[in-house]
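Novice: The following block contains the structure, expressed as structure tokens.
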Amino acid sequence: MVSVDEVRDEARTWLEEHWDPESSLVEWRNMLADTGWGTPSWPVEWHGRGLPPSMDPVVAAEFAAVGAVGVAAGVSMYLVAPTLLAHGSDDVKRRFLRPILTGEHKWCQLFSEPGHGSDLAGLTTRADRDGDEWIVSGQKVWNSGAHKAHYGILMARTDWDVPKHRGISYFAFPMEQPEVEVRPLRQMNGHASFNEVFFNDARVPHENMVGAPGEGWRVATTTLMHERSAVATRRPRFPTDGGPLVEAARAEANEYFATYKWYPQRAGRANLVKPEAERTGTDGDPLIRQQISDLEAVRKAADWTSRRARDARAAGKEPGPEGSLAKLNMSVIARKCNVTHTSIQGAHGMLTGPDTAAGGMVAEVLVSTPAMSIAGGTDEIQHNIIGERVLGLPKEPDDSRDLPYRDVKRS
């Protein structure tokens with residue numbers, strides 16, 4: 001069993017010999033993929049070093065100490081790569097993992113549909129076999145980054161004669177084709193970070209299927225568990241004077257995270273609560289003080305739960321229902337922030353512009369927090385998961401669960 005000191009020393013020595021802030025970003029990341037230092041806990045044959053997950057933060061600390069850049073961040077890395085590692089064929093891993101690590105391929109998620117949001121297994125986007133390809137028709141929605149993506153992880157119905165959970169397949173879908181139309185969606189907070197995607201007889205090679213035909217729900221469950229664990233993915237930090245390579249990585253991160261610049265408001269901006277109470281002179285109001293105390297208590301409890309989940313991941317355990325607990329806690333915190341901000345600001349909280357509460361940030365919080373109860377799986381879905389997988393309660397009644405999906409009544 002390798003020790004922390006051994007891994008730390010080896011990583012430090014390797015960085016001393018190879019880190020060059022004057023080289024190109026793609027060259028550096030290809031070196032990380034070749035040596036495994038970009039993803040140390042991945043299998044050796046798939047660009048890792050085969051180390052325990054607990055060693056990932058040890059290596060990351062050494063990278064941070066010298067200001068070295070890691071692999072690309074984002075949906076591609078946090079959702080797609082773990083799913084391909086768990087379920088992809090060797091051919092799929094060979095073709096797609098390296099460009100994810102280097103940042104050469106950007107991905108989006110093609111799961112939700114206008115008529116089947118919480119009932120994801122009720123999706124009706126179809127894929128029909130045509131020789132060595134599948135022809136895809138239908139519509140997806142809430143697709144962050146779809147307008148820039150090279151590929152998408154797509155769930156589509158490939159068999160209508162079996163129950164809904166068993167007729168879905170999962171694809172690495174090429175987005176850059178004329179039969180795919182991406183339209184931005186304007187949100188009530190003024191941002192447009194989501195899209196709707198239309199498939200008009202678009203094509204995907206059979207070799208891009210992840211898992212076997214009809215196993216898409218099982219594959220997607222892996223993606224969803226990682227999504228709930230990474231719903232608050234942090235932006236990478238870069239040194240202020242790191243050289244051309246670091247500047248290229250910073251520009252890449254700025255472009256990616258610009259899509260999510262309103263996410264702190266979606267989460268409630270709890271960090272603004274106390275300063276705004278002090279600014280408005282309401283910090284002495286006993287009811288507002290009680291609301292702030294309640295918010296802080298829930299935040300602390302949620303943080304401890306998240307730490308336990310991180311420790312479990314570091315010990316090599318797969319994401320589980322704790323991701324649903326974390327996601328549900330984030331919704332609770334967002335709503336409590338919304339209520340507390342409203343109590344502090346009153347009607348002034350609805351005003352926007354530089355001369356208003358927190359420069360208009362509070363107004364954006366008030367119209368953004370409802371999204372937290374929807375994104376990444378609704379609160380109702382998280383309650384079902386916790387009830388069934390943690391508390392052992394029976395599954396929610398569903399008369400259509402065992403029917404061929406072709407015979408299920410749909411809106």
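The values are calculated or read from the model by the stated rules, or taken from the named source; none is laboratory data. Note that the structure is a prediction, hence the values are computed from the model and not measured. Here the Cβ positions follow ideal geometry from the backbone for every residue, glycine too, while neighbour counts run over all protein chains shown.
Novice: Can we say Ser331 is crowded, with 21+ Cβ neighbours inside 10 Å and either of a type outside the set (Lys, Arg) or closer than 20 Å to Tyr260 by Cβ (or both)?
Specialist: Numbers: crowded, with 21+ Cβ neighbours inside 10 Å: yes; either of a type outside the set (Lys, Arg) or closer than 20 Å to Tyr260 by Cβ (or both): yes.
When the stated conditions are applied, Ser331 passes them.
Novice: From the list Asn208, Asn195, exactly one residue is surrounded by 14 or more Cβ atoms within 10 Å (Cβ to Cβ), closer than 24 Å to Glu364 by Cβ and in contact (Cβ under 8 Å) with a residue 40 or more places away in the chain. Which is it? Reasoning before the result, please.
Specialist: Working: Asn208 fails: closer than 24 Å to Glu364 by Cβ.
Exactly one of Asn208, Asn195 is surrounded by 14 or more Cβ atoms within 10 Å (Cβ to Cβ), closer than 24 Å to Glu364 by Cβ and in contact (Cβ under 8 Å) with a residue 40 or more places away in the chain, namely Asn195.
Novice: May I pose another question? All but one of (1) at pLDDT 95 or above; (2) among the hydroxyl-bearing types (Ser, Thr, Tyr); (3) within 22 Å of the chain's Cα centre (by Cα); (4) surrounded by fewer than 22 Cβ atoms within 10 Å (Cβ to Cβ) hold for Ser54; state the number of the condition that does not hold.
Specialist: Failing condition for Ser54: (1).
Novice: Would you pick out the residues in the stretch 309-328 that are crowded, with 18+ Cβ neighbours inside 10 Å and not in a helix (DSSP H, G or I)?
Specialist: Scanning the stretch 309-328 gives Pro319, Pro321.
Novice: Of the residues Ser368, Ser373, Ser400, only one is farther than 25 Å from Leu295 by Cα and surrounded by 15 or more Cβ atoms within 10 Å (Cβ to Cβ); which? Before you say what the answer is, go through the steps one by one.
Specialist: Details: Ser368 fails: farther than 25 Å from Leu295 by Cα; Ser373 fails: farther than 25 Å from Leu295 by Cα.
It is Ser400.
Novice: Got a sec? Which of Tyr256, Tyr260 is buried (at least 18 other Cβ atoms within 10 Å of the Cβ), within 17 Å of the chain's Cα centre (by Cα) and not assigned by TED's automatic domain parsing to the domain that holds Pro163?
Specialist: Working: Tyr260 fails: buried (at least 18 other Cβ atoms within 10 Å of the Cβ).
Checking each option against the conditions leaves just Tyr256.
Novice: Inspect the stretch 138-160 for any residue being in the same structural domain as Ala212 (by TED's automatic domain parsing), of a type outside the set (A, V, I, L, M, F, W, C), free of Cβ contacts under 8 Å to residues at least 40 places away in the same chain and crowded, with 17+ Cβ neighbours inside 10 Å and give the result as yes or no. Full working, then the answer.
Specialist: Quick first cut of the stretch 138-160, residues in the same structural domain as Ala212 (by TED's automatic domain parsing) only: 138-160.
Checking which are of a type outside the set (A, V, I, L, M, F, W, C) leaves us with 138-140, 143-145, 147-148, 150-152, 157-159.
Among the residues that remain, those that are also free of Cβ contacts under 8 Å to residues at least 40 places away in the same chain are: none.
No, there is no match, as no residue in the stretch 138-160 is in the same structural domain as Ala212 (by TED's automatic domain parsing), of a type outside the set (A, V, I, L, M, F, W, C), free of Cβ contacts under 8 Å to residues at least 40 places away in the same chain and crowded, with 17+ Cβ neighbours inside 10 Å.
Novice: Residues that are more than 25 Å from Tyr260 (Cβ to Cβ) and touching a Lys or Arg at 6+ places or on another chain (Cβ under 7 Å): does the stretch 100-122 have at least one?
Specialist: Narrowing the stretch 100-122 to residues more than 25 Å from Tyr260 (Cβ to Cβ): 115, 119, 121-122.
Add one more test, that the residue is touching a Lys or Arg at 6+ places or on another chain (Cβ under 7 Å), and what stays is 121-122.
Scanning the stretch 100-122 turns up at least one residue that is more than 25 Å from Tyr260 (Cβ to Cβ) and touching a Lys or Arg at 6+ places or on another chain (Cβ under 7 Å).
Novice: Is it the case, given these coordinates, that Arg307 is under 26 Å from Val71 (Cα atoms), touching a Pro at 6+ places or on another chain (Cβ under 7 Å) and charged (D, E, K, R)? Let's see the steps before the verdict.
Specialist: On the way: under 26 Å from Val71 (Cα atoms): yes; touching a Pro at 6+ places or on another chain (Cβ under 7 Å): no; charged (D, E, K, R): yes.
Judged against the criteria, Arg307 is not a match.
Novice: Still on this model: Out of Gly36, Gly67, Gly88, I need the residue that is crowded, with 17+ Cβ neighbours inside 10 Å, touching a His at 6+ places or on another chain (Cβ under 8 Å) and among the small types (Gly, Ala, Ser). Which one? Walk me through it before giving the result.
Specialist: On the way: Gly67 fails: touching a His at 6+ places or on another chain (Cβ under 8 Å); Gly88 fails: touching a His at 6+ places or on another chain (Cβ under 8 Å).
Answer to the selection: Gly36.
Novice: How many residues are closer than 15 Å to Glu278 by Cα and either among the acidic types (Asp, Glu) or under 21 Å from the mean Cα position of the chain (by Cα) (or both) when one looks only at the stretch 323-365?
Specialist: Here the count works out to 0.
Novice: Just the residues that are among the hydrophobic types (A, V, I, L, M, F, W, C) and within 13 Å of Val273 (Cα to Cα), please, taken from the stretch 290-308. Steps first, please.
Specialist: From the stretch 290-308, those among the hydrophobic types (A, V, I, L, M, F, W, C) are 292, 295, 297-298, 301-302, 304; that's our starting set.
Scanning the stretch 290-308 gives Ile292, Leu295.
Residues are listed down the side, and each one gets a yes or a no for (1) within 22 Å of Ile100 (Cβ to Cβ); (2) touching a strand residue (DSSP E or B) at 6+ places or on another chain (Cβ under 7 Å); (3) in a helix (DSSP H, G or I); (4) not aliphatic (A, V, I, L, M):
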{"site": "Gly211", "(1), (2), (3), (4)": "yes, yes, no, yes"}
{"site": "Val219", "(1), (2), (3), (4)": "yes, yes, yes, no"}
{"site": "Ala249", "(1), (2), (3), (4)": "yes, no, yes, no"}
{"site": "Leu272", "(1), (2), (3), (4)": "no, no, yes, no"}
{"site": "Pro275", "(1), (2), (3), (4)": "no, no, yes, yes"}
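Novice: Assigned to a helix (DSSP H, G or I) and on the phi < 0 side of the Ramachandran plot, is that true of Lys336?
Specialist: On the way: assigned to a helix (DSSP H, G or I): yes; on the phi < 0 side of the Ramachandran plot: yes.
So Lys336 fits the description; yes.
Novice: If you don't mind, there's one more thing I want to ask. Considering only residues that are out of contact with any helix residue (DSSP H, G or I) (no Cβ under 8 Å at 6 or more places or on another chain) and either closer than 30 Å to Asp402 by Cα or free of Cβ contacts under 8 Å to residues at least 40 places away in the same chain (or both), which ones fall in the stretch 166-178?
Specialist: Glu176, Gln177, Pro178 - these are the residues of the stretch 166-178 that are out of contact with any helix residue (DSSP H, G or I) (no Cβ under 8 Å at 6 or more places or on another chain) and either closer than 30 Å to Asp402 by Cα or free of Cβ contacts under 8 Å to residues at least 40 places away in the same chain (or both).
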